[in-house]
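Some notes on the structure that comes next.
The values are calculated or read from the model by the stated rules, or taken from the named source; none is laboratory data. Just so we're clear, the structure is a prediction, and the values are computed from it rather than from any experiment. Cβ placement follows ideal geometry from the backbone for every residue including glycine, while neighbour counts extend to all protein chains displayed.
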Amino acid sequence: MRSELISIIDLGGSKIVCLVGEAGRGHDIEVIGYGISPTIGFQKGQVVDLKTAANSVAAAVVAAESMVDFRISSVYMGVTGSQISYFRKCVSVPVSSTGHSITKTDIDRVMKAVSQIGVPSDRKIIHPLPIGFIVDDREGITNPIGMTGGRLGVLTNLITGVTNTLKNYNRVLEMAGLDVDSCIPVYQMLAEGLVVLTPEEKKKGALLLDIGADIAQSAIFQNEWLTDADHIMVGGESISRDIASYFKITYPEAEKIKKENGYAFPGAISKEAEVNLSNSKVTNFEISEVIEARLRDIIDWVKEKLDAYRTESAVPETLVLSGGGSQIRGLVALMERDLEMSVRLAVSSGIRARPGLLENPGLHSALGLLAFGNIERKKGEQKGFPALVDAVKKVLDRGLL
Ligand SMILES: Nc1ncnc2c1ncn2[C@@H]1O[C@H](COP(=O)(O)OP(=O)(O)OP(=O)(O)O)[C@@H](O)[C@H]1O
Ligand SMILES: [Mg+2]
């Protein structure tokens, strides 16, 4: 029974989340323990104080443990976009058979070469994600077996993290009492896509946008692969800071005003409705002007991303909005208007939990980490290159080998 438990830690900019999930039959997993503590000792994804960071993680872990009577040692640890870099690489090997007919052995060889891709020493590969085979110059091949060619290549998206930052995370987890040798870093957006995107969206193309506390992260999924990932250091906190500085109020007051009276754009609201601040009266309209100005940074950046993506591939049809910052009223309408695409709020699926947890968009990445852990558990894969093995398995599952 205990071997069916999966634990995760999500290091967010505003909160640290620890979840314990119990894997049931079928695809579902149930959250049976959780702990949420305010993020202290981290800034913009970096550890700035080991001790307070460890205390902050330990608080979330202890709270989750107390609900399940189980000592958490290994976790899937969500890693955010601020330290993630993403690039694409093609690796190829000569086809081994004399008749140049590609065999499973050639696939094994090229996959081995992928696992050995070198990255600068200051970076570490978190996920190698193969996205298609290339035979000589022919790209986009899903099953090269039996084809004739001189070279077999595989196009791979590499998600890397900063080595020192990952080491600092490990140190924090160790100080919080976890066994770091069995903690596995996972790119948050890859995990989140598992629980908030529909199979159709993953196939046809969707841009997942998570607006968190200090970061907005985008990930494009298409043909069932994660094909692009990026981030901008703007989030819900940036909006609250703007409100605080514009109206000369404290940050907590600004945060409250944003949640209670915030609207994503002033066009849709009355110019007269007033809000009482501690030092003055302002209109809802004025508050929304400040909010929209900051949201524009995110929208313009998404627009650029979509334009750049369009030069390579068909643009995703849907934008799925997640993260705590997605809760500003009117945001879906603003994005639909400005990006001219279908926009919807993320809803998680495939996870069971008590009411309240599933509905909080700031927890989608944590729920996604559980789903990721559950998939890994089912496959019983080796630590270190889960996504690579996943890719190979995917090819196998499709009956292509
Ligand atoms: N009802 C709401 N309306 C507007 N914003 C909200 C609302 N509720 C929460 N937020 C904002 O969501 C942000 C936190 O989002 P989230 O919980 O996703 O962040 P995080 O995961 O801790 O951080 P990050 O993803 O940046 O690492 C805060 O800035 C908060 O103000
Ligand atoms: Mg987050």
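Summary table below
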item: Only listed residue being out of contact with any His (no Cβ under 7 Å at 6 or more places or on another chain) and more than 16 Å from ligand 2 (Cβ to nearest atom), chosen from A366, A371, A333; result: A333
item: Contacts under 7 angstrom Cβ, first residue in segment 310-332 being modelled with pLDDT under 95, partner surrounded by fewer than 17 Cβ atoms within 10 Å (Cβ to Cβ), 6 or more apart; result: E317/K204; E317/M341; E317/S342
item: Candidate set: segment 215-230, residues that are of a type outside the set (A, V, I, L, M) and under 25 Å from F42 (Cβ atoms); chosen: the one nearest to ligand 2 (Cβ to nearest atom); result: Q217
item: Positions within segment 125-148 being over 30 Å from L166 (Cα atoms) and aliphatic (A, V, I, L, M), in sequence order; result: I134, V135, I141, I145, M147
item: Meets criteria (of a type in the set (A, V, I, L, M) and part of a helix (DSSP H, G or I)) for A308; result: yes
item: Test: G35 is surrounded by fewer than 24 Cβ atoms within 10 Å (Cβ to Cβ) and either free of Cβ contacts under 8 Å to residues at least 60 places away in the same chain or within 16 Å of ligand 1 (Cβ to nearest atom) (or both); result: yes
item: Those residues of segment 80-111 which are under 26 Å from the mean Cα position of the chain (by Cα) and farther than 15 Å from I126 by Cα, in sequence order; result: C90, V91, M111
item: Criterion (more than 22 Å from F372 (Cα to Cα) and out of contact with any Ser or Thr (no Cβ under 7 Å at 6 or more places or on another chain)) met by exactly one of L5, L50; result: L50
item: Qualifying positions in segment 309-330 - within 16 Å of ligand 2 (Cβ to nearest atom) and more than 19 Å from the chain's Cα centre (by Cα); result: I328
item: Filter pass, R337 being on the phi < 0 side of the Ramachandran plot and not assigned by TED's automatic domain parsing to the domain that holds W225; result: no
item: Cβ pairs under 9 Å, 6+ apart, first in segment 207-232 and farther than 23 Å from L155 by Cα and at pLDDT below 95, second polar (S, T, N, Q) and within 13 Å of ligand 2 (Cβ to nearest atom); result: D214/S14; D214/S82
item: Options V95, V48, V91: the member that is out of contact with any Asp or Glu (no Cβ under 6 Å at 6 or more places or on another chain) and either buried (at least 19 other Cβ atoms within 10 Å of the Cβ) or charged (D, E, K, R) (or both); result: V91
item: Qualifying positions in segment 120-147 - among the β-branched types (V, I, T) and assigned to a loop (DSSP other than H, G, I, E, B); result: T142, I145
